[in-house]
1. Those residues that are closer than 17 Å to HIS23 by Cα and either at pLDDT 95 or above or buried (at least 19 other Cβ atoms within 10 Å of the Cβ) (or both), I need them from segment 140-162; list them, please.
2. Give the residue, chosen from LEU116, LEU103, that is aliphatic (A, V, I, L, M) and either outside the structural domain of HIS220 (by TED's automatic domain parsing) or more than 30 Å from ASP439 (Cβ to Cβ) (or both).
3. Looking only at segment 172-182, which residues are under 29 Å from ASP344 (Cβ atoms) and either touching a Lys or Arg at 6+ places or on another chain (Cβ under 8 Å) or surrounded by fewer than 15 Cβ atoms within 10 Å (Cβ to Cβ) (or both)?
4. Which one of GLU292, GLU269, GLU313 is of a type in the set (D, E, K, R), at pLDDT 95 or above and farther than 30 Å from SER63 by Cβ?
5. Counting only residues that are more than 12 Å from LEU372 (Cα to Cα) and surrounded by fewer than 16 Cβ atoms within 10 Å (Cβ to Cβ), how many does segment 408-423 have?
6. Please tell me if ALA364 is within 26 Å of GLY55 (Cα to Cα), touching a Gly at 6+ places or on another chain (Cβ under 9 Å) and assigned by TED's automatic domain parsing to the domain that holds THR155.
7. Go through segment 57-101 residue by residue and tally those that are in contact with a Lys or Arg (Cβ under 6 Å, 6 or more places away or on another chain) and surrounded by fewer than 20 Cβ atoms within 10 Å (Cβ to Cβ).
8. Report every pair of residues separated by at least 6 positions or lying on different chains whose Cβ atoms are under 9 Å apart, first residue within segment 365-380 and among the charged types (D, E, K, R), second part of a helix (DSSP H, G or I) and surrounded by fewer than 24 Cβ atoms within 10 Å (Cβ to Cβ).
Amino acid sequence: MQQEKIPTIIIVGAGLGGLSLYHSLIKNKDKKEFNVKIFERESSPTDRWQGYHIGMSNYGAQSLLNCIPSSIASNLPKAIPDPIPNVEIHGITITDQIGNVLLAPPTKPFKDVYELANVSRGQLAIITYRDRLRDVLLEGVPVQWNKKCIKYVETQEGVWVFFEDGSQEFCNILIGADGINSPIRKQKLPELQIVDYGITHVGADISVPKQLMDKANKIHGNYLACKTLGTKGDSTFMITRLIPIKQEKNDEMNEPHYRATLTYSYPSELDNIDVESDKVKVDDNDPASVIEHVKRLIRELRPDCELTDLLLELWDLAPKTIPNDPIKFPFKTYNPVQRRMMRDIDPMSIKSWTSSRVTLLGDAAHAMSPILGLGANNAIQDADKLSQALLKYTENNISFIEEYEKEMLKRTSADVLKSRNVTFKISTPVGPFGVIIRDSILKVINTMINFYGFVDNLIFKN
């Protein structure tokens, strides 16, 4: 009797989604065995900046733990430290331009990522170090680096995958997990377009001294995700953990410092303002010029107040050059300041999505605004759902791909549009009367959700 040939799956992209999928397929090899290969266009694990903090939701945590084996899960505290009781509030607060609280949804304490994953009602999140999570997921994975996919060719037997270095590979199923600019998506669905919001998003990882973190906590409480709304279509966001990090050895103040992610969003048309009088030219390869550009906008768009002064102090902490000193900058970073255009992809914006041996996950299929923090969670959920669908693989039947895509399209399109809607709402300039309406609406919403949260807690109290 002829032994059944083990099918080959190729994953292009070693981000959170691609790596989660790899682990899940290997974890479930006793149910269905695959020859899994994973390729990445970067030349090494440290080739590129790997992102800021993210909020890992209870749904994302459920899928992550479904995907990874116990050996990887045991290292999750490196990337997802347990919440500090009575110190950290893993939730979000939204304030107006001078620091008045408009929205602070109720949060439910949880012990660790495992307890979070068991929460089935509502949506909670634990602040996670994205770069360290990727490091944890890379452990034991034989990624083939410096392999940029440029095209593929489908045949009746499978898929040929071609790389920029001239090499090619054959597989039964090809999965594009290669980001918003995915060559695989562009070939598979050329009509699926990226939507540009006309909004600029600048982000940096910073190291915040305790005295400055105390100022921030005085305004925002100990909420780890803090957003402030301006009146000119601008908004700021800081996300952190109140876990001290090691600093450079010659730190004169010798006080605790905290790793934080800082972002500033504003209408892209403000990038075109005349800055000749300031003799400053914004150059994305010169972090100092980007930081000065952000500080200039904050000074021009925000009122003189304690919150504005705090924002300027925080932005002044962003490294003015590209750091390469692992002691001075203890968290891995490629470029500490990233100025990007906000964009998304709605996977259901086209009439048809033909299922084949080539499918997509993560940003390649449904990039979304970072405003609600849904992107990484959806990518990991994709990996979980797709790995379960692949257990139904048979040589001559790929209906399981259609099953995965149907669920993925519905789930992620809703989150793309939700994120887009919120982004446009908070990025619309408002006059004095509009500010009153906006702030009043948020305060009413805050009262309602806190009331219903209180009632819900009474009814479903553990």
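1. Start the filter on segment 140-162 by keeping residues that are closer than 17 Å to HIS23 by Cα, which leaves 140-144.
Scanning segment 140-162 gives VAL141, PRO142, VAL143, GLN144.
2. Numbers: LEU103 fails: either outside the structural domain of HIS220 (by TED's automatic domain parsing) or more than 30 Å from ASP439 (Cβ to Cβ) (or both).
Only one candidate qualifies: LEU116.
3. Quick first cut of segment 172-182, residues under 29 Å from ASP344 (Cβ atoms) only: 173-182.
Hits for segment 172-182 are ILE173, LEU174, GLY176, ASP178, ILE180, ASN181.
4. Values: GLU292 fails: at pLDDT 95 or above; GLU269 fails: at pLDDT 95 or above.
Every option except GLU313 fails the conditions.
5. So in segment 408-423, the residues more than 12 Å from LEU372 (Cα to Cα) come out as 408-414.
Keeping just the survivors that are surrounded by fewer than 16 Cβ atoms within 10 Å (Cβ to Cβ) gives 410, 414.
Counting residues in segment 408-423 that are more than 12 Å from LEU372 (Cα to Cα) and surrounded by fewer than 16 Cβ atoms within 10 Å (Cβ to Cβ) gives 2.
6. On the way: within 26 Å of GLY55 (Cα to Cα): yes; touching a Gly at 6+ places or on another chain (Cβ under 9 Å): yes; assigned by TED's automatic domain parsing to the domain that holds THR155: yes.
Yes; evaluated as a whole, the condition is true for this residue.
7. Number satisfying all stated conditions: 3.
8. Cβ pairs passing all conditions: none.
The values are calculated or read from the model by the stated rules, or taken from the named source; none is laboratory data. The model shown is predicted, which means the values in this text are computed figures rather than measured ones. Glycine also receives a Cβ, built like all others from the backbone with ideal geometry; neighbour counts cover every protein chain displayed.
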